[in-house]
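The values are calculated or read from the model by the stated rules, or taken from the named source; none is laboratory data. Just so we're clear, the structure is a prediction, and the values are computed from it rather than from any experiment. Because the Cβ atoms are built from the backbone with ideal geometry, glycine has one as well, and the counts that use them run over all protein chains shown. We work out accessible area using only protein heavy atoms, side chains counted, and drop any ligands, DNA or RNA first. Shrake-Rupley method; radii C 1.70, N 1.55, O 1.52, S 1.80 Å.
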Amino acid sequence: MAIFLLLLLLLLLVSAVSGDEDAYIGVNIGTDLSDMPTPTEVVALLKAQRIRHVRLYDADQAMLLALAKTGIQVTVSVPNDQLLGIGQSNATAANWVARNIVAHVPAANITAIAVGSEVLTALPNAAPILVSALKFIDSALVASNLDDQIKVSTPHSSSIILDSFPPSQAFFNRSWDPVMVPLLKFLQSTGSYLMLNVYPYYDYMQSNGKIPLDYALFRPLPPNKEAVDANTLLHYTNVFDAVVDAAYFAMSYLNFTNIPIVVTESGWPSKGDSSEPDAIVDNANTYNSNLIKHVLNNTGTPKHPGIAVSTYIYELYNEDLRPGSDSEKNWGLFDANGIPVYTLHLTGADTVFANDTTNKTFCIAKRGADPKMLQAALDWACGPGKVDCSPLLMGHPCYEPNNVASHSTYAFNAYYQRMAKSPGTCDFKGVATITTSDPSHGSCIFPGSSRKNGTLINGTSLAPSSNDTSSARPPQSYGTGSFTTSVMIGVLLTGAVFL
């Protein structure tokens, strides 16, 4: 009986750490882009890439509406600039939950709230109210009967862990004990998890050559090159596992042994300045490809083999407006148009990032383009460009929305596809751009689309909305596959210069 009880206790401990689900890969969605995709475009990309978990750095209303009824699991965030108000007022926290959570569930599948971001290191003056903020948010969820569905935590920088190698000797910065101890008690009592940002890139850059690049990138190492924790004799083949285990040991140092870890940020930049020679596409591809396989294989860590360490890749898009070095702007898997920065090496993967969108490209009108330039380009495409624009006629599938942006998108893409996507065939004097998001909508099926007539596979339309204020001029007449409008004369005089 004693042995049975011991085994049962061990099983319960493992279950408490691992949770009931397999590990998953998610993505962070930043917004520091000069040409931020619309929420509809973001969701279309998520669907195309089979991404089922996302983390937002706020609780953007438009994004939550776009994510509604998709089933995608969403972690929303309380930004640092709202933390002080929420941490000092239960009523403020309740209002935040009512506005940003209750108003969107169950349509939006919100499963977690990240309260602040790296508060102990980025906003230390707010540290004294951090746990209060988590408790106030959780209390509001309890009042709405959402506490079982939505967990509350706060992401930490891994730099709060001191002496991280060997992992068995790691501990949290003792100056933060007044925060960490009650925080871990809260996570334990609510069945939540420790959120941790893990960046082997920075560990590698700051190691002065002590950390081999292969060790940071998950590349295979010969046994004699593996790092060994002399206290536990556990072998470490990559930085990621070592940092995660350091967090497990740091928690156990404070007598918390049953709190799981979710890595809320991890990635590798694809471009850097002259002082960042290892911020290159090949390394970014290698790291993220290996990270995804490592997580989805439920490999776990040497301390907890087979136990899920779900991870959010930083990040979905490159953010060209982020301040700092070139690497700060180039962590994304895609550019703002949804074009992959690189194609991940995930042969055989069929759960996430399985769709290679490199050749699935479409040409669309740029958001905010001058309507007069769009109209001129539309007239050229449907005239000298020899595009069949009959679907844009009144009563035909692509007539609605009847605005110049929507009609131009159809014509631009038809020309681009007819020209076999040749370089330079999606420009139209700067008013067109390439995207991987299929702009088909309803029964309007665009050339190059794999959708069936009348079927909206992604459940969303990328066409400009019917309330777009820039309405298209209706064609004066139609014949022999071209529009004839007053602008046509000007286009013909200037020649085929829209490409």
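Tabulated data
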| read-out | value |
| --- | --- |
| Label-point gap, in nm, between Asp32 and Ser443 - each point 7 angstrom along Cα→Cβ | 4.7 |
| Accessible carbon and sulfur surface of region 21-334 relative to its total accessible area, %, 1.4 Å | 51 |
| For region 318-332, Karplus couplings with θ = phi - 60° (6.51, -1.76, 1.60), whole Hz, Gly/Pro x | 5, 10, 6, 9, 5, x, x, 5, 4, 4, 4, 9, 10, 9, x |
| 13 Å Cα-Cα reach of Lys185 towards aspartates and glutamates, excluding residues that sit fewer than 8 places from it in its own chain | Asp177 |
| 5 angstrom amide H check on Leu162, placed H, neighbours 5+ away | Phe171, Phe172, Asn173 |
| Heavy atoms of Asp388: accessible area, 1.4 Å probe, square angstrom to 10 | 90 |
| Accessible surface ranking that places the most exposed of Ser168, Ser275 first, with a 1.4 angstrom probe | Ser275, Ser168 |
| Computed lengthening from Ala143 to Asn95, 0.36 nm per intervening residue step minus Cα-Cα distance | 16.1 nm |
| Accessible area, probe 1.4 Å, largest first, for residues Thr92, Thr311 | Thr92, Thr311 |
| Rh (Kirkwood; distinct C-alpha pairs) - region 80-205, Å | 15.4 |
| q = 0.08 Å⁻¹: log10 I(q)/I(0) that the Debye formula gives for region 21-334, counting C-alpha atoms only | -0.35 |
| Surface accessible to a 1.4 Å probe, Ser437 within the full protein complex, Å² | 10 |
| Cross-link reach list, lysines versus Lys293, counting only Cα pairs under 30 Å and skipping chain neighbours closer than eight places | Lys47, Lys69, Lys151, Lys210, Lys225, Lys271, Lys303, Lys329, Lys360 |
